[in-house]
Structure formats: C-alpha cells, structure tokens
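Nothing in this text is a laboratory measurement; each read-out follows from the coordinates by a stated rule. Since we're looking at a predicted model, the values are computed, not measured. Virtual Cβ from ideal backbone geometry, glycine too; neighbours counted across all protein chains shown.
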Amino acid sequence: MRGSVLVEKDLCFETNRLHDIFAIIAEAELMEQLGFALEPTIRSVAVQKDRLHRDLEAVQNVIKENNEVVASLTIVEARLTTSSSVVVSGF
C-alpha cells in the first residue's frame, strides 16, 4: 500500500470497546462478594482489573497523541514521513 492512507482517507486509530470485559469483571466481583466460588481464570482477570484500566488508559493516550500528530500533518509531510518509514524499516 502506497501513500498515506490515514491522512488521505481522514482515518484515525481507536481502541476497541472493552465495556463487555469490564462488565464481566464487575459481575465476577459481585458473584465473589455473594459467596460464589469463581474459576481461577476469572478470578485472575478480576484481580488484574486495575492494571487493565491503567494499560488501556496508557494506550488511549498514545493513540490520541498519534492521531493529533497525524491530523496536523500536511499531505506532503505525511508522504515524506511514510516514505522515510519505509526506508528505515527496509520495505
């Protein structure tokens, strides 16, 4: 693929919606509070909820910054950046 597709097509990156996984974690925490025994895998994911939130927030910040940089580029700058990336990566 040649050119700068993101700029030319006015596209940007975003994270997948993770509402379902956080809803499942909340349900698992509630079930545990109610005295139900959880499978070790489910318990492990629930315990890692805070880390998942931090990681997601960090990724969203990087994506936001990347999208802002890409949006600020002119077509010429975007093509120059793309061609420079190709030369550096060897493709």
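For the stretch 5-81, dividing the convex hull volume of the Cα atoms by the residue count gives 98 Å³ per residue. Contact order, relative form, for the stretch 5-81: 45 percent (alpha carbon pairs under 8 Å, 6 or more residues apart, mean separation divided by residue count).
Among residues other than A26 with Cβ under 15 Å from its Cβ, the summed charge is -3 (Lys and Arg +1, Asp and Glu -1). All other residues whose Cβ lies under 12 angstrom from that of L38 are scored, Lys and Arg at +1 and Asp and Glu at -1, for a net of -3.
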